[in-house]
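The values are calculated or read from the model by the stated rules, or taken from the named source; none is laboratory data. What you see is a predicted model, and the numbers here were worked out from it, not measured in a lab. Here Cβ is always computed from backbone atoms with ideal geometry, including for glycine, and neighbour counts include all displayed protein chains. Please note that ligands, DNA and RNA were not included when accessible areas were found on the heavy atoms of the full protein model with its side chains. Shrake-Rupley method; radii C 1.70, N 1.55, O 1.52, S 1.80 Å.
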Amino acid sequence: ITSPIDSSASFDNAHLCVPCNDNSNLRKKGAVVVNVELSTPEDNLIKDVLPDTNSLRMVESTDITEAARTESVKSPPTNQGSHQTGLVFESGSKHFDRHNRFHKERPLRVTSIHDYLLKSKLNDDNGATLVERCHILMPNEGVGHKGAYGNNGKSSEELFLDNDDYLRVHLPGYMQRLDRIAKCTCNDRLDIEGEQFKSIYFTRDSVREAKAAASSLCRLVTNVVSGNLDNGFAVIRPPGHHAEPGLAGGYCVINNVAVAAAYAREKLGVKKVLIVDWDVHHGNGTQKCFIDNPNVMYFSVHRYHGGNFFPFLDHGGPNCVGNNEGKGFNMNIGWNNKKMGDDE
């Protein structure tokens, strides 16, 4: 996947969802989720891979494109083209580093992509933009409410996903800890919580935003599996592939793609799922969620350097192929060199 987007935008936890077979009767037999997490420089680790972002403008929490909030589908798309792609955006506008508004992992990463797609033209006779050729999933549809929140005071992610949806991949103790963080109003305490993990920050709305991101992806997957959409692309944050069953890390709080894969199998009847993780970093969290599972294959391509590249773990190499019944369903293409190209 290539992108003409300028250096102020990067795909962070973007997910491309496609069924393994276009035949609607066969959709539930398999699905593919491509987890795209092209990151910005990782503190002197990948400055040779991507441009520095310190020159980007300061982003305030109110400086967010409203249209880039969580969106979902209730009914089949109105545009009945031969190929229907759904788009969902979740900027996580209230999840940001309070001490550094220039932080590389911030809402601008989603809103800049959203704004670019609104303007980009395709080379067709109609001169349509990419967004016009796709189907933007409408806010909160499919949960029986209008607007960003329901009448009962619950947010859209609470109406769509329940605790069991998270507990399929995350440990109960970890989710209970996140619930406590979500109720915390003391910034000093939130900072202390964030320091307990590797490369994590919290605001009082971070957990809600993380659940919103996971929810938006599950809604998109639902519409692909049901046949309302041929495929889908979710540009969401906070990211997720470093979040392990009981541990946040690498800016990831809830493992979005893992939640969606487990959701597809449990609630949508999908038998097999392939997760393709394309990122400069290994998705240690996603791998750990399914390391024993023969029904979810995890495939990752990333820089490895013998475990001396973030997340600095030795199980991101080709020798990690899965455990027990999941043996053979985990594949790591861990590169020990930089500047890999199309041939690789």
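Do we have any residue at all in the range 133-146 that's among the β-branched types (Val, Ile, Thr), at pLDDT below 85 and in a loop (DSSP other than H, G, I, E, B)?
yes
Please tell me if residue 263 is among the aromatic types (Phe, Trp, Tyr), within 20 Å of the chain's Cα centre (by Cα) and closer than 30 Å to residue 133 by Cβ.
Yes: the conditions hold for residue 263.
Give the residues of the range 231-245 that are surrounded by 24 or more Cβ atoms within 10 Å (Cβ to Cβ) and assigned to a loop (DSSP other than H, G, I, E, B), sorted by residue number.
Hits for the range 231-245 are 237, 238, 239, 240, 241, 242, 243.
Against the condition part of a helix (DSSP H, G or I) and surrounded by 23 or more Cβ atoms within 10 Å (Cβ to Cβ), how does residue 180 come out, does it pass?
no
Restricting the search to the range 249-284, which residues are in contact with a Lys or Arg (Cβ under 8 Å, 6 or more places away or on another chain), of a type in the set (A, V, I, L, M, F, W, C) and outside any helix (DSSP H, G or I)?
Within the range 249-284, 254, 268, 270, 273, 280 meet the criteria.
Taking the criterion of being open to solvent by 20 Å² or more (accessible area, probe 1.4 Å) and in contact with a Leu (Cβ under 9 Å, 6 or more places away or on another chain), would at least one residue in the range 264-279 satisfy it?
Yes, because at least one residue in the range 264-279 is open to solvent by 20 Å² or more (accessible area, probe 1.4 Å) and in contact with a Leu (Cβ under 9 Å, 6 or more places away or on another chain).
Within the range 188-210, how many residues turn out to be open to solvent by 30 Å² or more (accessible area, probe 1.4 Å) and either within 21 Å of residue 246 (Cα to Cα) or hydroxyl-bearing (Ser, Thr, Tyr) (or both)?
10
Can you say whether residue 109 is modelled with pLDDT of 80 or more, surrounded by 12 or more Cβ atoms within 10 Å (Cβ to Cβ) and closer than 17 Å to residue 240 by Cα, as far as the supplied structure shows?
Considered against the rule, which asks whether it is modelled with pLDDT of 80 or more, surrounded by 12 or more Cβ atoms within 10 Å (Cβ to Cβ) and closer than 17 Å to residue 240 by Cα, residue 109 comes out as yes.
Evaluate the range 301-309: report whether one residue or more is out of contact with any strand residue (DSSP E or B) (no Cβ under 9 Å at 6 or more places or on another chain) and either surrounded by 20 or more Cβ atoms within 10 Å (Cβ to Cβ) or among the polar types (S, T, N, Q) (or both).
yes
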